[in-house]
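**Q** If you scroll down you'll find the structure; I have some questions about it.
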Amino acid sequence: MILRPTTILLIEDNPADADLARATLEVNKLSLQLFVVSDGVEALEFLFQRGRYASAVRPDLIVLDLNLPRKDGRQVLAEIKQNADIRRIPVVVLTSSDAESDIARSYDLGANCYVTKPLDLQAFQAIVKAIEQFWFTIAKLPPSDGSSSA
């Protein structure tokens, strides 16, 4: 078995938030590979390996903002969870919305976790570190090839 870096797909249209998440993750001791896309259409092209993303790697974790241009995060989440090839990839919704309707809808669509972005820089970094800690040192992720070991 060849060990590869754990891969995160960050779907975030705010360049400052994307840069801060990248900087926070790069400080760790884990072997991570972060890919960032800035809208819902680009996210689905990456996930379905279409166009310029034909050779994209399958992410181990998706971190998804809800408020995206071209195709919003709710639509992206629905398409991810309706597709047998990628629906097992955990999706963490990381968004500025704390509306109960967005929280409920995200879980209804299959989100594995919902986190509201804090406004404070240090709190944002703490959230990103907590997501990393939970998903890569505590939780067990599904196999990256989509297979089951039944």
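The values are calculated or read from the model by the stated rules, or taken from the named source; none is laboratory data. Since this is a predicted model, take the numbers as computed values, not measurements. Note that we place each Cβ from the backbone using ideal geometry, even for glycine, and neighbour counts take in every protein chain shown.
**Q** Six or more apart or on different chains, Cβ under 9 Å: which pairs go from a residue in the range 116-137 that's within 14 Å of VAL63 (Cα to Cα) to one that's hydroxyl-bearing (Ser, Thr, Tyr) and at pLDDT 85 or above? Could you list them?
**A** Every condition considered, the pairs that remain are THR116/THR95; THR116/SER96; THR116/SER97; LYS117/THR95; LYS117/SER96; LYS117/SER97; ILE127/THR116.
**Q** Is there a residue being among the polar types (S, T, N, Q), in contact (Cβ under 8 Å) with a residue 24 or more places away in the chain, buried (at least 17 other Cβ atoms within 10 Å of the Cβ) and assigned to a helix (DSSP H, G or I) anywhere in the range 1-11?
**A** The answer is no, given that none of the residues of the range 1-11 is among the polar types (S, T, N, Q), in contact (Cβ under 8 Å) with a residue 24 or more places away in the chain, buried (at least 17 other Cβ atoms within 10 Å of the Cβ) and assigned to a helix (DSSP H, G or I).
**Q** Just for the range 62-110: of the residues that are in contact with a Leu (Cβ under 7 Å, 6 or more places away or on another chain) and of a type in the set (Gly, Ala, Ser), which one is modelled with the lowest pLDDT?
**A** The qualifying residue modelled with the lowest pLDDT is SER97.
**Q** Does at least one position in the range 57-70 carry a residue that is farther than 24 Å from ASP19 by Cα and surrounded by 14 or more Cβ atoms within 10 Å (Cβ to Cβ)?
**A** Scanning the range 57-70, I find no residue that is farther than 24 Å from ASP19 by Cα and surrounded by 14 or more Cβ atoms within 10 Å (Cβ to Cβ), so the answer is no.
**Q** Let me ask something else. Looking only at the range 85-108, count how many residues are part of a loop (DSSP other than H, G, I, E, B), of a type outside the set (Val, Ile, Thr) and under 17 Å from ALA43 (Cα atoms).
**A** Result for the range 85-108: 4.
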